[in-house]
Amino acid sequence: MTTEPQMSATFEDVSDVVQRFRDHDYVMPDKVGTVVYLAAELGKPVLVEGPAGVGKTELAKTLAAVTGRRLVRLQCYEGQDDTKALYEWDYGKQLLYTQLLREQIDSLMEGTTGLADAASRLRDHEDVFFSEHFLLERPLLEAIRSPEPTVLLIDEIDRSDEHLEALMLEVLAEYQVTVPELGTLVSRSSPLVVITSNATRDVSEALKRRCLHLSLTYPTAEREMEILQLRIPGIAEDLLGQVVEVVRGMRDLDLRKAPSISEALDWARALTLLNVASLDRATVEETITLLIKYDRDVERVQGEIPRLLGRAGIDVALEQQVHNHGDGHGHDHDQPHSHSRAQGAHHHHEHDDMRTDSKGYFGSVRGDH
Ligand SMILES: Nc1ncnc2c1ncn2[C@@H]1O[C@H](COP(=O)(O)OP(=O)(O)O)[C@@H](O)[C@H]1O
Ligand SMILES: [Mg+2]
């Protein structure tokens, strides 16, 4: 990546952003490019919200790559405290030093009269152990103190507690951190800041106000095809279109977790590995767990597979005939419906029939091995 021709720290304009991200296999519409451009120009943090797997984290990583900045990442989680975000004292190192310096410390203590006296004498020397040498920088401090330019990624901020969010806000507002034992540490460079949220809770108004806001959603079919093509070189042309159509169809179903770009990529990679040139019902059923992660969702999707394939231009009636051949579980009653495949989920009994069929089909597949 360092050999990429354009690795300038600044962007010329929006199309420069879009182009350079694309050179790093990240595809974005102009709307997204505009926010990234403005954030870089204005030095403002970007708050990226959207469902899982739509490219929020990757946006920050790619921003670091295209600007030649080092990525510093703070992964947020529940119950995280300041010491993991800002700094903490390197207790292990302090302990080691006190042991190695035992003799010196003993001689320092010589002639003290009682505990209070000893403690007071030790206190006179404690700044040795609370110097920068024993300070462990955590991502927030590391990013602003880094001598080289950085991209600071605060990932999944909605998982952290509100008090930590307030602390981050403070750091981002002032670009400095006060360590009581050391004083105020000011920033050496301004990081480009990307904050992501899966929107499991609302982030504070104050944070929203400070940031440029970017809402990522599922891409258009065209853009998703471009992403798959870039990220899976050698993917079969027919398969590419089919995967995107089927995945888009699944997103329209009312699932607990709709397949995102990451699942589409995983699925397409798996299909490519399995040398699938074109989708059929059996292949979708056999590989569905790459796309759909909850049993309830799998059940919901099973019955829709013929319709989804139809959407992708695959004639299920014809395809079923091929698969029915010799497996002893006739799928004949699928056929009268397959001509109306593009028409949504309205015959519930029909789905049940198909589910039974698909089980029968799975059974026969297993029996073959
Ligand atoms: N616009 C995009 N262009 C290229 N790849 C993308 C894009 N959006 C997502 N991806 C890919 O999808 C996967 C998931 O993206 P990620 O950034 O981890 O999602 P999020 O952080 O939103 O949950 C990654 O492998 C990423 O490379
Ligand atoms: Mg992420």
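We did not get these values from a lab; they are worked out from the coordinates using the rules stated. Not measured: the values here are computed from a predicted model. Positions of Cβ are generated from backbone atoms using ideal geometry, with glycine treated the same way; all protein chains shown enter the neighbour counts.
Listed values, structure above:
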| item | result |
| --- | --- |
| Cβ-defined net charge surrounding H213, 11 Å radius [Lys, Arg +1; Asp, Glu -1] | +3 |
| Other-chain or far-sequence residues with amide H under 5 Å of Y87's (modelled H) | R138 |
| Label-to-label distance, nm, for residues given as E88 and S278 (7 Å Cα→Cβ offset) | 5.8 nm |
| Coordinate range along principal axes, alpha carbons of segment 122-175, Å, largest first | 43, 28, 19 |
| In sequence order, calculated HN-Hα J values of segment 279-292 (Karplus, 6.51, -1.76, 1.60; Hz; x Gly/Pro) | 6, 9, 4, 4, 4, 4, 4, 6, 10, 5, 5, 6, 9, 10 |
